[in-house]
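Accompanying notes for the structure given below.
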Amino acid sequence: MAILDEISTLLQAGRAPKVKAAVQQALDEGIAPKEILENGLLAGMGVIGEKFRNGEVFVPEVLVAARAMNKGVEILKPHMSSGDVVDRGTVVIGTVRGDLHDIGKNLVKMMMEGKGLKVIDLGVDVAPEAYIDAARENQAQIICCSALLTTTMAEMKNVVDALEASEMNGKVKVMIGGAPITQAYCDSIGADKFTPDAASAAEAAVELCAG
């Protein structure tokens with residue numbers, strides 16, 4: 001449908017007011033909210049994610065596209081029944097204890113929301129117990145830990161250990177990422193998944209939730 005393609009294109013350009021108007025128009029034309037979400041908004045965000053991974057767009061473009069998507073979702077929300085929204089999974093995300101960097105974490109959060117995941121953002125300087133408590137309260141499938149400093153990345157092992165010591169061991173996956181993190185480090189601490197960038201983190205999270 002032409003209007004859904006238009007929503008996707010406008011979102012990719014970060015045209016928030018026009019995205020809102022086009023979403024309203026699609027609703028007025030009788031298109032199902034779920035279809036507008038998946039084939040308009042999420043489709044557009046998917047293109048942005050792909051381009052970001054290929055180095056064709058950069059962080060500012062992703063941010064304005066995500067903002068446009070959020071404006072479109074605001075228009076849709078009142079029209080969506082709980083049955084409309086496919087629950088793709090819940091992720092708890094935060095920057096580890098002692099680390100106050102959040103740009104990477106925020107980007108991953110936006111990409112994950114752009115894939116239709118529910119994201120519980122704990123912010124920065126997050127203690128291991130806080131991840132575990134949030135995962136328990138929100139019945140999350142994944143805990144995502146971000147670190148930008150070599151001095152704080154050791155906290156990721158503390159999160160893995162805390163999870164293993166809890167009753168949720170085996171039910172919740174741990175994903176890690178950030179500038180100093182490598183696959184070797186992920187393997188060494190027993191985390192479930194490392195991804196090098198925000199777009200692949202979002203894809204991996206969808207796969208883990210589905211799996």
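Put simply, of ALA198, ALA179 the only residue that is at pLDDT below 95 and surrounded by fewer than 16 Cβ atoms within 10 Å (Cβ to Cβ) is ALA179. Count of segment 34-61 residues, restricted to those that are assigned to a helix (DSSP H, G or I), over 20 Å from LEU4 (Cα atoms) and among the acidic types (Asp, Glu), is 1. Within segment 82-100, the only residue that satisfies the criterion of being open to solvent by 50 Å² or more (accessible area, probe 1.4 Å), at pLDDT 95 or above and either in contact with a strand residue (DSSP E or B) (Cβ under 9 Å, 6 or more places away or on another chain) or assigned to a strand (DSSP E or B) (or both) is ARG97.
Residues checked against (1) within 21 Å of ILE189 (Cα to Cα); (2) out of contact with any Leu (no Cβ under 7 Å at 6 or more places or on another chain); (3) open to solvent by 40 Å² or more (accessible area, probe 1.4 Å):
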position: MET111; (1), (2), (3): no, yes, no
position: ILE132; (1), (2), (3): yes, no, no
position: ASN138; (1), (2), (3): no, yes, yes
position: THR152; (1), (2), (3): yes, yes, no
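Checked against the criterion of being more than 30 Å from ILE176 (Cα to Cα), without any contact (Cβ under 8 Å) to a residue 24 or more places away in the chain and either of a type outside the set (A, V, I, L, M, F, W, C) or surrounded by fewer than 20 Cβ atoms within 10 Å (Cβ to Cβ) (or both), segment 46-69 has no qualifying residue. Considering only residues of segment 113-130 that are touching a residue at least 40 places away in the same chain (Cβ under 8 Å) and touching a Leu at 6+ places or on another chain (Cβ under 9 Å), which is most open to solvent (accessible area, probe 1.4 Å)? In this case the residue turns out to be LYS115.
If the condition is being at pLDDT 95 or above, part of a loop (DSSP other than H, G, I, E, B) and either among the aliphatic types (A, V, I, L, M) or closer than 27 Å to PRO60 by Cβ (or both), then segment 1-31 contributes ALA13, GLY14, ARG15, ILE31. Do we have GLU113 as more than 12 Å from ALA202 (Cα to Cα), part of a helix (DSSP H, G or I) and not hydroxyl-bearing (Ser, Thr, Tyr) here? So GLU113 fails the test. Listed conditions (1) in a loop (DSSP other than H, G, I, E, B); (2) modelled with pLDDT of 95 or more; (3) within 26 Å of ARG15 (Cβ to Cβ); (4) of a type outside the set (Asp, Glu) are all met by VAL119, apart from (1). The set of residues from segment 19-30 being open to solvent by 90 Å² or more (accessible area, probe 1.4 Å) and touching a residue at least 12 places away in the same chain (Cβ under 8 Å) comprises just one member, GLU29.
The values are calculated or read from the model by the stated rules, or taken from the named source; none is laboratory data. Everything numeric here is computed off the predicted structure, so don't read it as measured data. Here the Cβ is made from the backbone with ideal geometry for all residues, glycine too, and neighbour counts use every protein chain on show. Each accessible area value is taken on the protein alone, full model and side chains, heavy atoms only, with ligands, DNA and RNA left out. Shrake-Rupley method; radii C 1.70, N 1.55, O 1.52, S 1.80 Å.
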